[in-house]
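> Let me begin by handing over the structure; questions about it come next.
A short reminder: the numbers here are calculations on the coordinates, not readings from a lab. Bear in mind the structure is a predicted one, so any value in this text is a computation, not a measurement. Here the Cβ is made from the backbone with ideal geometry for all residues, glycine too, and neighbour counts use every protein chain on show.
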Amino acid sequence: MTQEELAQLTDEELLQRAKKLKSIYFFDALIFGVLIGIAVFSSVKNGFGLFSFLPLIYIPVAARNKTKNKPLEDVLKERNLK
């Protein structure tokens, strides 16, 4: 959503979106942690290979999620809801 569309939402709607935002960030961190665990296990067990670099593939996905939700974070900060 754009900054203008978010500015028209009520505080309650923004807080609901912020709640979803927290779960998105949690799952991004969880997936990244699991991928790092797989990479470490694979590196120790078999040496460096494809699975050693698996977390690097997920970094752009998590970064895109972060930048996509930046306007929501800005509106929440403006209204002192966070």
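> Right, PHE26: assigned to a helix (DSSP H, G or I), loosely packed, with under 14 Cβ neighbours inside 10 Å and either under 18 Å from the mean Cα position of the chain (by Cα) or of a type in the set (Lys, Arg) (or both) or not?
yes
> Now for a separate question. Assuming PHE48 fulfils every condition listed in (1) over 17 Å from LEU81 (Cβ atoms); (2) part of a helix (DSSP H, G or I); (3) more than 9 Å from the chain's Cα centre (by Cα) apart from one, which condition is it?
Against the list (1) over 17 Å from LEU81 (Cβ atoms); (2) part of a helix (DSSP H, G or I); (3) more than 9 Å from the chain's Cα centre (by Cα), PHE48 comes up short only on (2).
> Right, here's the next one. Would a scan of segment 60-80 turn up a residue that is over 11 Å from the mean Cα position of the chain (by Cα) and more than 25 Å from LEU9 (Cα to Cα)?
Scanning segment 60-80 turns up no residue that is over 11 Å from the mean Cα position of the chain (by Cα) and more than 25 Å from LEU9 (Cα to Cα).
> Of the residues in segment 29-82, how many are loosely packed, with under 13 Cβ neighbours inside 10 Å, within 30 Å of GLU5 (Cβ to Cβ) and of a type in the set (Val, Ile, Thr)?
Count: 3.
Conditions tested, residue by residue: (1) out of contact with any helix residue (DSSP H, G or I) (no Cβ under 9 Å at 6 or more places or on another chain); (2) free of Cβ contacts under 8 Å to residues at least 60 places away in the same chain; (3) under 16 Å from GLU73 (Cβ atoms).
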| residue | (1), (2), (3) |
| --- | --- |
| GLN8 | yes, yes, no |
| GLU12 | yes, yes, no |
| LEU15 | no, no, yes |
| LYS22 | yes, yes, yes |
| TYR25 | no, yes, yes |
| PHE32 | no, yes, no |
| ILE36 | no, yes, no |
| VAL40 | no, yes, no |
| VAL44 | yes, yes, no |
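> Here's something else I'd like to know. Looking at segment 58-76, I want the residues that are of a type in the set (Gly, Ala, Ser) and have a partner that is surrounded by 13 or more Cβ atoms within 10 Å (Cβ to Cβ) and assigned to a helix (DSSP H, G or I) with Cβ atoms under 6 Å, at least 6 apart or on another chain. Which pairs are those?
Close Cβ pairs (under 6 Å, with a partner that is surrounded by 13 or more Cβ atoms within 10 Å (Cβ to Cβ) and assigned to a helix (DSSP H, G or I)) amount to ALA62/ASP28.
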